[in-house]
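Notes for the one structure printed next.
The values are calculated or read from the model by the stated rules, or taken from the named source; none is laboratory data. Note that this is a predicted model, so its numbers are computed, not measured. Positions of Cβ are backbone-derived with ideal geometry, glycine not excepted, and every protein chain shown enters the neighbour counts. To get the accessible areas, we keep the full protein, side chains included, count just its heavy atoms, and leave off ligands, DNA and RNA. Shrake-Rupley method; radii C 1.70, N 1.55, O 1.52, S 1.80 Å.
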Amino acid sequence: MLKLYYSPGACALASHIAFEEAGADYEGVKIDLKKGEQKTPEYLEVNPAGVTPALATEQGVLTENAVIMPWIADRHPEKNLVPADAFQRARMDAFNGWAAASLHPALGRLMFSRPPLEGDAKDAALKIVQDKLALAEQHLLKGPFVLGAQYTVADGYLSVFTRWSRQAGILDAGDYPKLNAHLDEVQARPAVQRALKAQGIEPVGG
Ligand SMILES: N[C@@H](CCC(=O)N[C@@H](CS)C(=O)NCC(=O)O)C(=O)O
């Protein structure tokens with residue numbers, strides 16, 4: 001059986017959502033980041049990078065949300081979680097690449113730096129996040145979903161970061177109306193609610 005290693009509320013929630021949307025058969029394995037379980041010898045054997053998510057498959061381990069999500073979607077084509085059209089698929093991959101390489105690190109630096117950022121460093125990190133959220137609001141999110149009419153795995157991925165932003169009090173409704181509406185719509189999906197429940201966490205209200 002597929003084993004999805006995740007940490008509640010962390011970025012692996014995107015892969016968890018994809019598994020629930022796909023109706024896939026899998027076992028979730030919780031890794032507590034606060035307890036440092038991602039650095040135990042047992043977990044480092046699964047993913048030497050010491051981060052979640054990781055997915056143990058019959059062929060070996062896959063890492064990276066941007067890889068795991070489309071992989072599980074491809075195994076359940078009837079759920080239409082990735083575009084059939086090659087150009088739209090490339091657009092989705094581009095969005096997921098941006099989320100992984102640009103939005104996630106910027107938010108991670110602002111929210112999870114240890115010791116926490118303060119003063120000018122915090123202001124600068126916040127400005128970088130705000131610029132990325134504005135890019136998503138004004139250009140990348142076509143609406144209602146990332147690619148337009150079709151819900152894809154990119155939507156679950158985006159929702160993880162807007163969820164964090166809302167939790168941090170920086171997803172201002174006036175500045176980011178589309179991102180707020182998108183997060184509400186994604187959180188209302190039954191599959192997303194199942195993923196949240198499986199992780200023992202709640203939707204974040206606006
Ligand atoms: N680009 C990776 C990022 C993975 C990642 O950084 N995961 C974080 C949680 S959001 C983690 O496990 N951090 C633990 C640590 O750095 O010790 C992906 O999308 O899978």
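Here is how the numbers come out for the structure above:
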quantity	calculated
Those residues of the stretch 2-51 which are over 21 Å from L196 (Cα atoms) and touching a strand residue (DSSP E or B) at 6+ places or on another chain (Cβ under 8 Å), in sequence order	Y43, V46, N47, A49
Per-region count, the stretch 112-131, residues in contact with a Ser or Thr (Cβ under 9 Å, 6 or more places away or on another chain) and under 23 Å from A10 (Cα atoms)	3
Matching residues in the stretch 5-35 - criterion: being over 16 Å from A188 (Cα atoms), of a type in the set (A, V, I, L, M), touching a residue at least 40 places away in the same chain (Cβ under 8 Å) and buried (at least 17 other Cβ atoms within 10 Å of the Cβ)	A10, A12, A22
Total residues in the stretch 109-156, condition free of Cβ contacts under 8 Å to residues at least 12 places away in the same chain and either buried (at least 17 other Cβ atoms within 10 Å of the Cβ) or among the basic types (K, R) (or both)	4
Residues (more than 23 Å from L158 (Cβ to Cβ) and more than 11 Å from the ligand (Cβ to nearest atom)) located in the stretch 8-34	D25, E27, V29, K30
Selection status of I68, touching a strand residue (DSSP E or B) at 6+ places or on another chain (Cβ under 6 Å) and buried (at least 17 other Cβ atoms within 10 Å of the Cβ)	yes
Answer residue from the stretch 71-91, given it is open to solvent by less than 70 Å² (accessible area, probe 1.4 Å), in contact (Cβ under 8 Å) with a residue 40 or more places away in the chain and within 24 Å of Y5 (Cβ to Cβ) and is farthest from the ligand (Cβ to nearest atom) among those	H76
Condition check for A94: more than 12 Å from the ligand (Cβ to nearest atom), within 18 Å of the chain's Cα centre (by Cα) and free of Cβ contacts under 8 Å to residues at least 60 places away in the same chain	yes
Candidates A101, A106, A49, filtered to the one that is of a type in the set (A, V, I, L, M), assigned by TED's automatic domain parsing to the domain that holds L141 and surrounded by fewer than 16 Cβ atoms within 10 Å (Cβ to Cβ)	A101
Exclusive hit being free of Cβ contacts under 8 Å to residues at least 60 places away in the same chain, outside the structural domain of Q167 (by TED's automatic domain parsing) and within 9 Å of the ligand (Cβ to nearest atom), set Q59, Q38	Q38
Failed item, numbered, when R194 is tested on (1) within 28 Å of P77 (Cα to Cα); (2) free of Cβ contacts under 8 Å to residues at least 40 places away in the same chain	(2)
Residues being outside any loop (DSSP other than H, G, I, E, B) and open to solvent by less than 30 Å² (accessible area, probe 1.4 Å) - total across the stretch 167-206	11
